[in-house]
Each structure stands twice: as structure tokens, then as C-alpha cells.
Amino acid sequence: MLIDGHGRVVDYLRVSVTQRCNFRCKYCMPHTPFDWVPHENILKFEEMFEFIKVAIDEGVKKIRITGGEPLVRKDVDKFIKMISDYAPEIDLAMTTNGYFLKNYALILKQAGLKRINISLDTLDPKKAHFLAQKSVLHNVLEGFEAAIEANLIVKINTVALKGVNDNELISLLEFAKAHNSTIRFIEYMENIHANDELKSLKRDEILEIISQKYSIKEVGKVKNSPSTMYSIEDGYQFGIIDPHKHDFCDTCNRIRLSAEGLLIPCLYFDEALSIKDALRQNDIKKATEILREVLRNKPEKNRWENKISEHEISTRAFYQTGG
Ligand code: SAM
Ligand code: SF4
């Protein structure tokens with residue numbers, strides 16, 4: 001079993017398979033030119049898999065494949081099959097922007113993927129273009145339909161942004177409900193790469209908007225997650241992810257592996273250790289030791305509750321950590 005320095009059981013691994021992405025979401029990507037990490041610095045799937053086997057053997061029960069955009073990496077379906085064949089009982093999930101999903105959904109399901117979270121911030125093609133800096137909505141919606149048809153469990157992630165999609169939160173909720181999908185509204189998280197013109201809608205503002213049409217009851221916090229669930233009068237449940245609180249830190253069960261081989265114990269801290277060299281030298285014992293060291297030093301809580309100043313925000317963007 002993997003236990004961190006604060007006695008928390010860590011059984012959830014998020015694996016970012018690439019930093020690359022076909023979108024340039026304003027809340028995620030730098031707005032000044034930047035270079036991708038060269039291919040040779042990115043772990044091969046076989047290298048990641050060697051680590052994943054250790055993590056599973058040590059008690060990891062849930063793995064989420066993310067990025068960047070995971071579907072831009074060739075053979076990601078084969079990677080999923082490797083994991084699923086090794087441990088069919090693993091809760092295997094992916095987060096994607098959905099753009100390439102139309103042709104991938106069934107293949108992923110057949111490879112062993114169980115659940116998929118699709119990022120959908122708007123149903124307006126112009127706003128989707130504004131946010132992703134590319135015309136994307138048509139493909140994303142086709143991908144969403146394909147995932148439902150492939151019988152994947154599909155959730156929608158919506159970053160709630162003031163003046164951008166506040167007038168669409170109800171239609172997005174109704175869109176999700178009509179497809180038997182759960183929507184989770186995410187508070188925008190400031191980071192030094194993201195466009196500073198964007199402003200988050202906070203939990204109370206999201207609830208106020210939805211309560212203009214529905215009466216809302218709080219259902220409760222989702223275990224090990226920054227998400228709280230709410231229900232409307234017909235029983236439909238939606239979530240709000242409020243990472244600025246740290247009341248989920250007490251039960252935080254996650255660790256992240258980046259595409260470059262960094263083990264990241266907390267999204268909000270820059271500290272991380274690399275297992276790349278250990279994996280390249282086929283030294284699994286060393287990689288396991290590094291894992292244990294990272295867990296020993298996993299921070300007790302994030303630092304978002306303190307007033308965020310320019311110097312306190314995370315220097316890592318989500319495309320680097322996988323969100
Ligand atoms: N490319 C995939 C996608 O967009 O779903 C997976 C990676 S993306 C980094 C994972 C999630 O992080 C997405 O749901 C995205 O909306 C969210 N995200 C990215 N930057 C964010 C930010 N600054 N604040 C809140 N959520 C953010
Ligand atoms: Fe790409 Fe996802 Fe970041 Fe958007 S949020 S730029 S789709 S990695």
C-alpha cells in the first residue's frame with residue numbers, strides 16, 4: 001500500500017502522456033510562443049508501463065490518462081490495453097478535449113477504457129473558437145456522441161468563466177442531463193501561463209446562476225476529490241470543482257506522473273522528482289524508492305486558500321501536469 005508522510009493512502013495515479021495539444025485554450029496554454037518538450041525527453045509508453053505496474057502492485061486502483069491532449073499521442077489505445085490487460089479491475093479513465101474522439105471512442109472502450117471526461121465549456125461555436133483559439137465545437141460534439149454510443153461513462157468538465165459562459169451554465173447542464181451525463185463546473189485556476197483576462201466564476205456564483213431556474217440541494221462532497229455534488233428537483237446531480245478550498249486535502253489520494261517522467265505530489269506545488277533516468281536504466285527499484293520519497297514529502301495541503309498573489313500562483317500550467 002502507498003501511504004504518504006501524512007498517513008494518507010495514495011491509490012489514484014494521473015498519467016500525462018503528452019504535453020502537446022491541438023487546442024490553445026486560453027486558461028491553459030501560454031499566450032507567448034513556447035517550445036514543446038522534445039520527443040526524446042518524453043517517456044515511452046513501455047517505460048511508463050513499467051512504473052504503472054509497480055504502482056498497481058503497490059495498491060493504485062484508479063488511473064487517469066490525461067495530457068496535453070492524450071489523443072494526439074500515437075498508440076494511446078495500445079497503452080490503455082497494456083494497462084487493462086495487466087489489471088482489468090483498475091478504474092481506467094481518460095480526460096480529453098474530445099476533438100479526435102469520434103474515431104477513437106469505440107477503440108478506447110474495446111482497449112479497456114471505462115470512463116471518459118470531455119472538456120466542453122460552451123455550446124456556442126464562436127465562444128469555443130475564442131477559448132480554444134481554433135474552430136473546434138463540431139468535432140467535440142461528435143466525439144461526445146461517439147463516447148456515449150460506445151457505452152463509456154461520460155462526464156463533462158466545464159471551466160466556468162465570468163463573461164464567457166455564465167449565460168450558458170443552465171443550457172450546458174441541460175445538455176449533459178439530456179445525455180445522461182454528469183457535468184462538473186470547474187473554478188478557473190490562475191496560473192502564470194493562463195490568460196489573465198479570464199475571470200473565474202466561483203462556486204456561489206455558479207449556484208446562483210443555476211438557481212435562477214432550478215432549486216438546488218447540496219448532496220455532499222465526493223470522496224477524495226475537490227468536487228461537491230448538488231441535485232436539482234428532478235434528482236439530476238451536477239458537480240462543482242472548487243480547488244481553491246483545501247478541505248479535500250485531508251483525503252487527497254492522488255499522485256501525478258508527467259510525460260517527462262516527473263512524479264508530482266501536488267498540483268499546486270512546483271516540487272517534483274524525476275523517475276526518467278531510473279526507468280531508462282531499467283532500475284525499477286530506484287524508481288520505487290523515488291516514488292516513496294515523493295510520497296513522504298507530499299504537501300499536507302494546497303496553498304490556494306491564502307490570497308493568491310502573483311508570486312504564489314503555480315508556475316506549472318495544466319497542459320504540463322495533466323490538470
Ligand atoms: N486536453 C484534455 C482536456 O482538455 O480535457 C486533458 C488535459 S486538460 C489540462 C485537463 C482539464 O484541465 C480540462 O478539463 C481543462 O478544462 C482543465 N483546465 C486546464 N486549465 C485550467 C485552469 N486554468 N483552470 C481550471 N481548469 C483548467
Ligand atoms: Fe489542450 Fe486540454 Fe489545455 Fe485545452 S485544456 S489547451 S485542450 S490540454
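The values are calculated or read from the model by the stated rules, or taken from the named source; none is laboratory data. Being a predicted model, the structure only gives us computed values, none of them experimental. When we count neighbours, we look across all protein chains shown, and the Cβ atoms used for this are built from the backbone with ideal geometry, even at glycine. Remember, those area values only see protein heavy atoms, side chains included, never the ligands or the DNA or RNA. Shrake-Rupley method; radii C 1.70, N 1.55, O 1.52, S 1.80 Å.
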- Query: How many residues, within the range 233-276, are closer than 25 Å to ARG203 by Cα and either more than 16 Å from the chain's Cα centre (by Cα) or free of Cβ contacts under 8 Å to residues at least 40 places away in the same chain (or both)?
  - Reply: 15
- Note on the structure: Checked THR182, THR158 against criteria (modelled with pLDDT of 95 or more, within 13 Å of ligand 1 (Cβ to nearest atom) and under 24 Å from MET229 (Cα atoms)); the one match is THR158
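Sort out for me the strands (runs of 3 or more DSSP E) sitting completely within the range 213-273 that have 1 or more residues that are closer than 18 Å to GLY5 by Cβ. Outline the logic, then answer.
Details: elements: 216-221, 227-232, 237-241, 254-257, 262-264.
Per the criteria, 254-257, 262-264.
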- Query: Limited to the range 147-176, what total is found for residues that are within 16 Å of ligand 2 (Cβ to nearest atom) and among the hydroxyl-bearing types (Ser, Thr, Tyr)?
  - Reply: 1
- Note on the structure: Only unsatisfied item for HIS129, checking (1) within 13 Å of ligand 1 (Cβ to nearest atom); (2) farther than 24 Å from GLN237 by Cβ, is (1)
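Looking at LYS44, LYS53, LYS109, LYS81, can you tell me which residue is more than 16 Å from ligand 1 (Cβ to nearest atom) and either touching an Asp or Glu at 6+ places or on another chain (Cβ under 6 Å) or closer than 30 Å to ALA160 by Cβ (or both)?
Working: LYS44 fails: either touching an Asp or Glu at 6+ places or on another chain (Cβ under 6 Å) or closer than 30 Å to ALA160 by Cβ (or both); LYS53 fails: either touching an Asp or Glu at 6+ places or on another chain (Cβ under 6 Å) or closer than 30 Å to ALA160 by Cβ (or both); LYS81 fails: either touching an Asp or Glu at 6+ places or on another chain (Cβ under 6 Å) or closer than 30 Å to ALA160 by Cβ (or both).
From the options LYS44, LYS53, LYS109, LYS81, the qualifying one is LYS109.
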- Item | Matching option when the condition is modelled with pLDDT of 95 or more and hydrophobic (A, V, I, L, M, F, W, C), among ILE170, ILE192 | ILE170
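Yes/no per residue for (1) within 16 Å of ligand 1 (Cβ to nearest atom); (2) surrounded by 17 or more Cβ atoms within 10 Å (Cβ to Cβ); (3) modelled with pLDDT of 95 or more:
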residue: ILE209; (1), (2), (3): no, yes, yes
residue: LYS213; (1), (2), (3): no, no, yes
residue: PHE238; (1), (2), (3): yes, yes, yes
residue: THR251; (1), (2), (3): no, no, no
- Query: Restricting attention to the range 219-232, does a residue exist that is touching a residue at least 60 places away in the same chain (Cβ under 8 Å) and open to solvent by 30 Å² or more (accessible area, probe 1.4 Å)?
  - Reply: yes
